[in-house]
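What follows is a short report on a single structure.
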Amino acid sequence: ESIKNALLDLNFLDVQFMMEFAETDYTANGIDDAQFLISTNPGEPVKPLGKVASGGELSRIMLAIKTVMASDKIGTLIFDEIDSGISGRTAQMVSEKMNVLGRSHQIICITHLPQIAAMADSHYLIRKSVQNQTTVSTIRRLSEEESIQELSRMLGGVEITETVKESAREMRALAKSKKSGFEK
């Protein structure tokens with residue numbers, strides 16, 4: 001029920017979620033066969049998660065499960081491209097859910113969506129380059145103005161106009177406002 005409620009918070013409007021357990025022959029993995037079952041559309045029966053969910057749905061389902069299952073003993077949660085297959089309002093809802101989760105856990109998130117990046121308390125830029133025929137990754141914390149520039153790039157692509165920059169500033173300000181509203 002908790003996972004279902006977390007899914008509703010992530011823009012699944014009419015979702016059913018169940019866990020099914022069966023006993024199998026003993027293997028190196030034990031004797032339990034556990035399976036997640038889900039229905040994301042009204043009137044559809046629950047089916048195995050892997051047969052039903054799209055990439056974007058899988059990202060949100062994973063976030064819901066991690067949100068519910070994360071205990072105080074788990075200090076850091078890592079989400080690699082949680083934005084896969086989502087955009088718009090759903091991306092905003094994911095960023096808000098991650099912000100709430102970040103109040104009790106450290107969240108590390110790799111994202112390509114400005115809605116999620118704008119909500120970050122600390123924004124880092126990861127770059128890959130080739131040096132001496134070897135791929136090297138670098139990471140650098142962005143200042144507030146650099147974060148606005150990166151959000152602008154995410155929003156506008158190749159050509160970053162003043163309108164795009166203003167949208168990035170507004171997005172960052174709205175995220176800060178939303179976060180301060182969560183704290184009250």
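On a 1.4 Å probe surface of the protein chains, which of F21, F79 comes out largest in accessible area, and what is the full order? Write down the numbers at each step before the final one.
Values: F21 145, F79 0 Å².
Largest accessible area first, the list is F21, F79.
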Roughly how many Å² of L49 are accessible to a 1.4 Å probe, to the nearest 10? 30
Sequence-distant residues sharing a close amide H with Y124 (under 5 Å, placed H): L142
Quick one: which residues, 5+ away or cross-chain, put their amide H under 5 Å from the amide H of I82? H built at 1.01 Å from N. I110
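So what's the back-of-envelope 222 nm ellipticity for the chain, counting only DSSP H runs of four-plus at -39500 (n - 2.57) apiece and dividing by all residues, rounded to 500?
Values: 7 runs with 80 residues, N = 184.
My calculation for the chain gives -13500 deg cm²/dmol from helical runs alone.
Among all helices in the chain defined by DSSP H, which have a length of 15 Å or more along the axis from Cα atoms plus a Kyte-Doolittle mean of at least 0.0?
Numbers: long enough: 55-69 (21 Å, 0.81); 88-101 (20 Å, -0.21); 144-156 (18 Å, -0.77); 162-183 (32 Å, -1.09).
Answer set is 55-69.
What are the trypsin sites (Lys or Arg not before Pro) within region 89-148 that DSSP puts in a loop, where the Cβ has at most 11 other Cβ atoms within 10 Å? Mind showing how you got there, number by number?
Working: sites: R89, K97, R103, R127, K128, R140, R141; in loops: R103.
Those that pass, being in a loop and sparsely packed, are R103.
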Hey, can you rank 174-180, 24-30 by average C-beta count inside 10 Å, highest first? 174-180, 24-30
With a ≥ b ≥ c taken as the square roots of the eigenvalues of the C-alpha gyration tensor of region 63-184, please select rounded if a/c is under 1.5 and otherwise prolate if a/b is larger than b/c or oblate if it is not? oblate
Placing each pseudo-label 7 Å from Cα in the direction of the beta carbon, E162 and S177 end up separated by a distance in nanometres of 2.2
Magnitude of the Cβ-charge dipole (Lys and Arg +1, Asp and Glu -1) of region 113-166 about the Cα centre, nearest 20 debye, reported as 380
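Give me the dipole magnitude in Debye, nearest 20, for the chain about the Cα centre, with unit charges on the beta carbon: positive for Lys and Arg, negative for Asp and Glu.
The calculation lands at about 620 debye.
With all protein chains present and a 1.4 Å probe, how do M98, M19 order by accessible area, largest first?
Values: M98 15, M19 100 Å².
Greatest to least solvent exposure: M19, M98.
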Accessible area, 1.4 Å probe, largest first: how do H112, H105 sort? H112, H105
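The values are calculated or read from the model by the stated rules, or taken from the named source; none is laboratory data. Everything numeric here is computed off the predicted structure, so don't read it as measured data. For neighbour counting, all protein chains shown are included, and Cβ atoms are generated from backbone atoms with ideal geometry for every residue, glycine included. Accessible surface is based on the protein model in full, side chains and every heavy atom, while ligands, DNA and RNA are left aside. Shrake-Rupley method; radii C 1.70, N 1.55, O 1.52, S 1.80 Å.
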